[in-house]
Each structure stands twice: as structure tokens, then as C-alpha cells.
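The values are calculated or read from the model by the stated rules, or taken from the named source; none is laboratory data. Here the structure is a predicted model, which means the values were calculated and not measured. Methodologically, a virtual Cβ is constructed for each residue, glycine included, from the backbone with ideal geometry; neighbour enumeration extends over all protein chains shown. We work out accessible area using only protein heavy atoms, side chains counted, and drop any ligands, DNA or RNA first. Shrake-Rupley method; radii C 1.70, N 1.55, O 1.52, S 1.80 Å.
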Amino acid sequence: MTLLRHTHLEPQTGTALIVRQGESLEIIDPEGEQVSDLVSFADADRSEWLSSGRTIDYANTIYVTAGHILYSNRSRPMWTIVEDTVGRHDFLLTPCSLEMFRILYKTTGHHPSCFENLARSLEPFGIVPDAIPTTLNIFMNVDVLPSGELRILPPRSRAGDRVVLRAEMDLVVGITACSAELSNNGRFKPIDVRLHGDRAARATGSLAGPNGVPAAPAAE
Ligand SMILES: [Zn+2]
């Protein structure tokens, strides 16, 4: 497989892209301790989405890692995790949002958020904000205490750590460099996203917009 696309997400930004069945999406934390939120939708029917609940049901763990299959709301495999150099990600919490910052942290005014970055990036693909479900929060470190209380800790990822996901169907994917202070040990860093595959027959145009799909810009 060859590198089809490399997107460097600046801190507190996001993007969206098409990933075809059999292609691999590599999510890299270049500096360490940085979360990346990911959501996906079936390209053929965007009312089918990556489901935290279904995936946790079938994996029988809240901590997904290499070897686990990530399922849609229709219980079809969307992704297989083929590589994971960290082994701790969260699939319980929703993407950070302006409302979350206001409710939990009494933030006033605007605050960048994964939800806003996902909504903006997915809009060209016809996906509305209300369709954005619980995200796979790559590198996010959430401990569950015996009481059920959650504790958000600094990510365990170090510079260069990565997760590789193989697409099991054609997908529309939204992905961010997370904007929440607590999840990222107080400092916002970039995320690198690399798409690997073989589109030799189709990749005659720009790498930024293969298959005629609109190339969503990395958010400002
Ligand atoms: Zn976030």
C-alpha cells in the first residue's frame, strides 16, 4: 500500500475524508499526550455510524485495542484495529463541545471543540451535527473507579505513538486534534493522519480530493 494522503492537523482543528474498504488510516500523536476524536459513517448510507455501544458489547471491554473490531449501529464491522502502540483509548465520552465547556467548566464565550470541528468538516458530506455520535477518543485516558466514577488522566501516548485502523467498508471519517484542556494534560498539540491504500486506478487527480470527493480543509 502507498501513502494516499497525509493531513497534519494543527492543534484544536479537524478534517474529514473518505476511506475506502481495505485502506488503512494511521493516526499519529507526533508530540505525545494528545487526544484525537474519530467518528465514521458508511459512505453508502450515512445513517449507519460507528457505535460505541455495539463495539463495547461485542468486544466485552471498554478499552479497545489491536485485534478488536469496531462495529456500526447496524452491527456491521466498520474498522479493525491492526496496530496500537498505546493500548489506552476512550470510547465512552462524547466529543468535547461548546456546551460541555459551559456546563462543566463555566466557560464563557467561544471555545474550540471537537464537536464544532467535526460538524464543520462533515457538513460537505451531508452529515448534520445531530448525527454525530459518541466518538472513538484515540489516546484518551479514562479510568473507571469501582464506584463507576470516571477519572480523566493525561494520555499515555508518547511522541510518535500511533493507532492503525483498517476500513472494513467505504467510510466517511471525521477526525480531530482534541480541544479539551483536561484530556490533553493542559496543552494542545497537533495530530498527523495518514491514509494508506492502493487507488492506482482511480488516483489520477489531486491527492487532496480522490474519487471526486470534496476535500474538506483542515479546519482553521
Ligand atoms: Zn475534544
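Details
- From the options 175, 127, residue that is away from the ligand (no atom under 16 Å from the Cβ) and under 18 Å from the mean Cα position of the chain (by Cα): 127
- Scope the range 31-43; condition away from the ligand (no atom under 14 Å from the Cβ), in a loop (DSSP other than H, G, I, E, B) and over 16 Å from residue 16 (Cα atoms); matching residues: 31
- Just one of the listed residues (173, 144) is among the β-branched types (Val, Ile, Thr), touching a residue at least 40 places away in the same chain (Cβ under 8 Å) and over 30 Å from residue 5 (Cβ atoms), namely 144.
- Residues that are part of a loop (DSSP other than H, G, I, E, B) and among the charged types (D, E, K, R) were ranked within the range 70-106; the one that is surrounded by the most Cβ atoms within 10 Å (Cβ to Cβ) is 88.
- Residue match in the range 50-60 (condition: buried (at least 20 other Cβ atoms within 10 Å of the Cβ), assigned to a strand (DSSP E or B) and under 16 Å from the mean Cα position of the chain (by Cα)): yes
- Within the range 107-120, restricting attention to residues that are open to solvent by less than 30 Å² (accessible area, probe 1.4 Å) and outside any loop (DSSP other than H, G, I, E, B), the residue that is farthest from the ligand (Cβ to nearest atom) is 119.
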